[in-house]
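Novice: This is the structure, below, for whatever I ask next.
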Amino acid sequence: MPQSLFEPDRPPRSIVGLTLVRVAVERGIERAGTLRDWNALTYLARETPEPADHPIEPGELVTVPLGNRDTPTRGFILEAGGPELAEGIPPDTLKPILSRTGTRIPQSLVELGSWLAEYYCCPLGMAMATMVPAAVKAGTGSRTVVHLDRADPIPDLTDLTHRVRLAWEAICELEQQTFPLPARDLADAIGCKTRREINRITDLGGLLPVRIQVVKARTDSLLLDTPSGAGVSPALLPPTLTPAQAHIVEGITSVLGSFSTHLLYGITSSGKTEVYLRLLERVLAAGQTAIVLVPEISLTPQTSARFAARFADAGVAVLHSGLTAAQRHREWKRAATGEARVIVGARSAVFAPVERLGLIVVDEEHDTSYKQDQLPRYNARDAAIVRAQIEGCPVLLGSATPSLESWANATGSPPLKRPRSTLWRLPERVGGAMLPRVEVVDMVVLARPASGSSKPPRPDKRPNLSPRLRAALRNTLSRGEQALILLNRRGYSHFLCCASKPCGWSLDCDHCDARLVLHTGHQLPRGAVVRCHHCLAEQVIPHRCPACSGALLQLGAGTQRVEEELTRDFAIERVGAECALLEGETLARVDADTMRTGQDYFETLSRFGSGALRVLLGTQMIAKGHDFPNVSLVGVLCADAALNMPDFRASERTFQLVSQVAGRAGRGTKPGQVIVQAFEPEAQAVRLAAKHDYEKFAAGELDARRGAGLPPAGRMARIVCRDRDFEKARGAAESLAETLGEAATESRVRVLGPSPCAIARIATFYRFEVLVIAPTARMIQDCLGALRKRGQLKSDARTAVDVDPVALM
């Protein structure tokens, strides 16, 4: 019989007895179907049955082949099983995973990642990728080192010299958990000056060299060092709790071990941090772990040192953006191995890989930095609540100015029928200190003609500090005290225009629908440059108006201009040595332009804590998280600047910012004074912040939101369509709005738009938004989910889906 020209059909591959896994690959791809199908692919764990001593588990980070070219791609195992995972998939098409990285996250984080993907409309693999820092995946700082382990069983070594025998006897008396450890550490542990005896015992087989992976990184002040003079003394015993603090600690302790949500509403300096510390003591005593989330700008050495000093034996890992990649890897590893049982960190610390989680604390829970502005657009506060629910532990939210969402949940504000969380209050400052006295200065008065003049001062010539604030600052400095001055706007001037009203020219960004901001500096061309704060484009400042050759006005002062004014008005020849302010010596500007790294920021705070700096001038970076007892004066410039922003949360943010920075004054034995400058002094946010009346402000604001159906009375999702072509961007938004309207089966779901965004163009991309508003989160999810399942909605470079947005610009 002639030989066949074709290969005989091979029998189909048998997958019986093999381990299969479903992997969420780190790619922004989605396929129509159920969430289980979105970006979760099936692979063979191995070509042969899995060894019993190396079982594969959900949460493992693996490398898999992806696509026709089998591109090596990282992904997380969601589940492991047998042939049932390959239902509907031809066995011959299954590919084995390429490698196991050795990195694994707990099952609770796998569940949390699935929730993030569904709730925030994010590809599953991208949500899972957020769980592990890039430094960990890259192995930054990893080293293979040789440690020594004691042979088991312990051998009977003979023919030992006297010194070697003494060393061996000392080694045999050590606990087994001491090993493995470096040879030098072992020599120190048994009192040997050199490693000669250790080396001899190793040659005889009493000690066995083992190779282990460690993460090497420098330790510096970005981790746990304390700024001198910052008021943290590890040697001090914990303070006695006030009756209100003790009541809260006992109340929350009684529910440890089960899920519950708590809101701690305490005025500034009321002792919220001490409540956190005492609760953490209870959690650690029960053999559990804890996570403490703090806004990035509040995560200073002063903050982390309080936790490190109290829980040195339990181990404290610190995670924030100021760490190097190797430091971030090391701190994550300490959390994963259990070496650190308390994790203190910014937003991403909610994904700390700790087991047996007993408590999550979210300090300054209202802070908008907890919301990530890129995929996945999650809110760490809400993710903390969901993780606590998964782990079965309490979550404690703390703030002096709670977000209206958290306040409504704790008070049962309509339309809620009952509270969803427990409200605790700390209405008084610790030690009986009084809240600072707040004075509001009407800045419109300074724009009026001076006495004896018929013309008002030129806008660019008006002082930024009112006479009242200037006098108060001088008195503060003369008493040897310190001050904070807040202006939440960096640069020198944020609006350059022609001085001629008929001309009307102004300097705008070529790539964005935004004004260019003037920045000054000796290192800049001609000593100044104009910069876009959105796309970062720069131009040399024109000397004259390009349209009419007229003079230019520099309006809208920023921190650079106020710094110039302070050094001029408080020069030594004007006010004397005791009140003089010298740039960089007794006056420091704290904003994104001067604080290039975390080290810059922490060093500045250290100098201020030691008293070397007398005045800090800055943006919201100085508004919270600081406890400096010598600060007796706080000045707030342009307190109402954000009130006219096209955002329904503008009033809430204004109230929170003014209240928080005001709370920095009078935290020691000296009374505090706050001077708030505003052009709308009667605005409710300014007026009630001056009275420290959060509850009245919240009641009024909630009434207004309820009337409009806005959060927290309703829920919202914002979808932004972007394209360099105006018509394509608008067309995509119109098509999306129409599709959303068809998917909104509930009559109470409102689809608004499309409309141009408040900033209609950024970095040459035109932007149109569509808002989806509904009474409940479930209605929002049903509407968005219907489009995702049909492949009509996807978060990518052209479409940004933001569920529960905190900003509408």
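Novice: For the stretch 161-176, check the following and say yes or no: at least one residue is of a type in the set (Phe, Trp, Tyr) and either closer than 30 Å to residue 102 by Cβ or touching a strand residue (DSSP E or B) at 6+ places or on another chain (Cβ under 6 Å) (or both). So that I can check it myself, show each step before the final result.
Specialist: So in the stretch 161-176, the residues of a type in the set (Phe, Trp, Tyr) come out as 168.
Add one more test, that the residue is either closer than 30 Å to residue 102 by Cβ or touching a strand residue (DSSP E or B) at 6+ places or on another chain (Cβ under 6 Å) (or both), and what stays is none.
There is no residue in the stretch 161-176 that is of a type in the set (Phe, Trp, Tyr) and either closer than 30 Å to residue 102 by Cβ or touching a strand residue (DSSP E or B) at 6+ places or on another chain (Cβ under 6 Å) (or both).
Novice: If I filter the stretch 591-601 down to residues being open to solvent by less than 50 Å² (accessible area, probe 1.4 Å) and of a type in the set (Ser, Thr, Tyr), which single residue comes out as nearest to residue 296 (Cα to Cα)?
Specialist: Here the residue is 601.
Novice: On to the next question. Please identify the pairs in which a residue from the stretch 143-167 that is touching a residue at least 12 places away in the same chain (Cβ under 8 Å) and in a strand (DSSP E or B) has its Cβ atom under 9 Å from the Cβ atom of a residue that is open to solvent by less than 90 Å² (accessible area, probe 1.4 Å) and of a type in the set (Phe, Trp, Tyr), counting only partners at least 6 apart or on another chain.
Specialist: 147/179; 148/179; 149/179; 150/179
Novice: Here's something else I'd like to know. Please specify each residue of the stretch 250-260 satisfying the condition of being touching a helix residue (DSSP H, G or I) at 6+ places or on another chain (Cβ under 9 Å) and surrounded by fewer than 20 Cβ atoms within 10 Å (Cβ to Cβ). Break it down stepwise before answering.
Specialist: Residues of the stretch 250-260 touching a helix residue (DSSP H, G or I) at 6+ places or on another chain (Cβ under 9 Å): 252-253, 256, 259-260.
Passing the criteria: 253, 256, 259, 260.
Novice: If I filter the stretch 769-776 for residues that are without any contact (Cβ under 8 Å) to a residue 24 or more places away in the chain and not charged (D, E, K, R), do I get at least one hit? Spell out the reasoning first.
Specialist: Taking the stretch 769-776 and keeping what is without any contact (Cβ under 8 Å) to a residue 24 or more places away in the chain, we get none.
Taking every residue of the stretch 769-776 in turn, none turns out to be without any contact (Cβ under 8 Å) to a residue 24 or more places away in the chain and not charged (D, E, K, R).
Novice: Turning to a different aspect of this structure: Open to solvent by 10 Å² or more (accessible area, probe 1.4 Å), under 30 Å from residue 577 (Cα atoms) and without any contact (Cβ under 8 Å) to a residue 60 or more places away in the chain, is that true of residue 499?
Specialist: Values: open to solvent by 10 Å² or more (accessible area, probe 1.4 Å): yes; under 30 Å from residue 577 (Cα atoms): no; without any contact (Cβ under 8 Å) to a residue 60 or more places away in the chain: yes.
Judged against the criteria, residue 499 is not a match.
Novice: Please determine, by comparing only the residues of the stretch 163-193 that are among the β-branched types (Val, Ile, Thr) and under 47 Å from the mean Cα position of the chain (by Cα), which one is least open to solvent (accessible area, probe 1.4 Å). Walk me through how you get there before you give the answer.
Specialist: Step one: list which residues in the stretch 163-193 are among the β-branched types (Val, Ile, Thr), which gives 164, 171, 178, 190.
With the extra rule that they be under 47 Å from the mean Cα position of the chain (by Cα), the set shrinks to 171, 178, 190.
Working: 171: 0, 178: 52, 190: 32 Å².
Within the stretch 163-193, the match that is least open to solvent (accessible area, probe 1.4 Å) is 171.
Novice: Here are 387, 429, 425: which of them is among the charged types (D, E, K, R) and surrounded by 22 or more Cβ atoms within 10 Å (Cβ to Cβ)?
Specialist: Working: 429 fails: surrounded by 22 or more Cβ atoms within 10 Å (Cβ to Cβ); 425 fails: surrounded by 22 or more Cβ atoms within 10 Å (Cβ to Cβ).
Among 387, 429, 425, only 387 is among the charged types (D, E, K, R) and surrounded by 22 or more Cβ atoms within 10 Å (Cβ to Cβ).
Novice: Let me ask something additional. Could you check the stretch 776-806 and list, in sequence order, the residues that are surrounded by 15 or more Cβ atoms within 10 Å (Cβ to Cβ) and within 20 Å of residue 406 (Cβ to Cβ)?
Specialist: Correct list: 777, 780, 802, 803, 804, 805, 806.
Novice: Restricting attention to the stretch 200-219, which residues are closer than 16 Å to residue 170 by Cβ and touching a strand residue (DSSP E or B) at 6+ places or on another chain (Cβ under 9 Å)?
Specialist: Here is the first cut: in the stretch 200-219, the ones closer than 16 Å to residue 170 by Cβ are 200-202, 204, 206-207.
Matches in the stretch 200-219: 201, 202, 206, 207.
Novice: Tell me, please, whether a residue that is polar (S, T, N, Q), free of Cβ contacts under 8 Å to residues at least 40 places away in the same chain and surrounded by 20 or more Cβ atoms within 10 Å (Cβ to Cβ) can be found in the stretch 655-669. Steps first, please.
Specialist: Within the stretch 655-669, the first condition is being polar (S, T, N, Q), and the residues that meet it are 656, 659-660, 669.
Right, trim to free of Cβ contacts under 8 Å to residues at least 40 places away in the same chain and you get none.
No; the residues of the stretch 655-669 include none that is polar (S, T, N, Q), free of Cβ contacts under 8 Å to residues at least 40 places away in the same chain and surrounded by 20 or more Cβ atoms within 10 Å (Cβ to Cβ).
Novice: While we're on this one: Scan (1) buried (at least 20 other Cβ atoms within 10 Å of the Cβ); (2) over 28 Å from the mean Cα position of the chain (by Cα); (3) of a type in the set (Asp, Glu) for the single condition residue 769 breaks and write down its number.
Specialist: Unmet condition: (2).
Novice: Residue 361 - would you say it is open to solvent by 10 Å² or more (accessible area, probe 1.4 Å), of a type outside the set (D, E, K, R) and modelled with pLDDT of 95 or more? Before you say what the answer is, go through the steps one by one.
Specialist: Working: open to solvent by 10 Å² or more (accessible area, probe 1.4 Å): no; of a type outside the set (D, E, K, R): yes; modelled with pLDDT of 95 or more: yes.
So residue 361 fails the test.
Novice: Step by step: first the residues of the stretch 104-147, then only those that are in contact with a strand residue (DSSP E or B) (Cβ under 7 Å, 6 or more places away or on another chain), hydrophobic (A, V, I, L, M, F, W, C) and under 19 Å from residue 327 (Cβ atoms), then the one that is most open to solvent (accessible area, probe 1.4 Å). Which residue is that?
Specialist: Restricting to residues being in contact with a strand residue (DSSP E or B) (Cβ under 7 Å, 6 or more places away or on another chain), hydrophobic (A, V, I, L, M, F, W, C) and under 19 Å from residue 327 (Cβ atoms), the top hit is 145.
Novice: Return the residue satisfying two criteria in turn: it lies in the stretch 293-349 and is surrounded by fewer than 24 Cβ atoms within 10 Å (Cβ to Cβ) and of a type in the set (Asp, Glu), and of such residues it is farthest from residue 598 (Cα to Cα).
Specialist: 313
Novice: May I pose another question? Could you list all residues from the stretch 518-568 that are among the hydroxyl-bearing types (Ser, Thr, Tyr) and open to solvent by less than 30 Å² (accessible area, probe 1.4 Å)? Can you show your working first?
Specialist: Here is the first cut: in the stretch 518-568, the residues among the hydroxyl-bearing types (Ser, Thr, Tyr) are 520, 549, 559, 567.
Hit for the stretch 518-568 is 559, nothing else.
Novice: If I go through the stretch 736-766 residue by residue, how many of them are in contact with a Cys (Cβ under 9 Å, 6 or more places away or on another chain), over 10 Å from residue 783 (Cβ atoms) and of a type in the set (D, E, K, R)?
Specialist: The qualifying residues number 1.
Novice: Do you know which of the residues in the stretch 531-579 that are in contact (Cβ under 8 Å) with a residue 60 or more places away in the chain and over 33 Å from the mean Cα position of the chain (by Cα) is farthest from residue 617 (Cα to Cα)?
Specialist: Looking at the filtered set, the residue picked out is 553.
Novice: Which one is nearest to residue 258 (Cα to Cα) among residues in the stretch 391-405 that are assigned to a strand (DSSP E or B) and in contact with a Ser or Thr (Cβ under 6 Å, 6 or more places away or on another chain)?
Specialist: Filtering the stretch 391-405 down to residues assigned to a strand (DSSP E or B) leaves 394-399.
Then keep just the ones that are in contact with a Ser or Thr (Cβ under 6 Å, 6 or more places away or on another chain); that gives 394-395, 397.
Details: 394: 6, 395: 10, 397: 16 Å.
Only one residue fits best here, namely 394.
Novice: I've got another one for you. Here is a list: 788, 730, 718. Which entry is touching a residue at least 12 places away in the same chain (Cβ under 8 Å), of a type outside the set (Gly, Ala, Ser) and in a strand (DSSP E or B)? Steps first, please.
Specialist: On the way: 788 fails: in a strand (DSSP E or B); 730 fails: in a strand (DSSP E or B).
Just one listed residue meets the conditions, 718.
Novice: Filter the stretch 94-125 for residues that are more than 18 Å from the chain's Cα centre (by Cα), within 26 Å of residue 720 (Cβ to Cβ) and of a type in the set (A, V, I, L, M) and give the result.
Specialist: Within the stretch 94-125, 117, 124 meet the criteria.
Novice: Looking at (1) assigned to a helix (DSSP H, G or I); (2) open to solvent by less than 40 Å² (accessible area, probe 1.4 Å); (3) out of contact with any strand residue (DSSP E or B) (no Cβ under 6 Å at 6 or more places or on another chain), which one does residue 604 not meet, given that it meets all the others?
Specialist: (3)
Novice: Assess whether residue 615 counts as being under 25 Å from residue 439 (Cα atoms), more than 21 Å from the chain's Cα centre (by Cα) and at pLDDT 90 or above. Lay out the reasoning, then the answer.
Specialist: Numbers: under 25 Å from residue 439 (Cα atoms): yes; more than 21 Å from the chain's Cα centre (by Cα): yes; at pLDDT 90 or above: yes.
Yes: the conditions hold for residue 615.
Novice: Could you list, in sequence order, all residues of the stretch 366-375 that are closer than 18 Å to residue 319 by Cβ and surrounded by 21 or more Cβ atoms within 10 Å (Cβ to Cβ)?
Specialist: 367, 370
Novice: Next question, about the same structure. Take residue 469 and tell me if it is at pLDDT 95 or above, touching a strand residue (DSSP E or B) at 6+ places or on another chain (Cβ under 6 Å), open to solvent by less than 20 Å² (accessible area, probe 1.4 Å) and closer than 30 Å to residue 581 by Cα. Even if it seems obvious, please write down each step before you answer.
Specialist: On the way: at pLDDT 95 or above: yes; touching a strand residue (DSSP E or B) at 6+ places or on another chain (Cβ under 6 Å): yes; open to solvent by less than 20 Å² (accessible area, probe 1.4 Å): yes; closer than 30 Å to residue 581 by Cα: yes.
So residue 469 fits the description; yes.
The values are calculated or read from the model by the stated rules, or taken from the named source; none is laboratory data. Just so you know, these numbers come straight off a predicted model, no measurement behind them. For neighbour counting, all protein chains shown are included, and Cβ atoms are generated from backbone atoms with ideal geometry for every residue, glycine included. When the accessible area is computed, the model is the full protein with side chains, heavy atoms only, and any ligands, DNA or RNA have been set aside. Shrake-Rupley method; radii C 1.70, N 1.55, O 1.52, S 1.80 Å.
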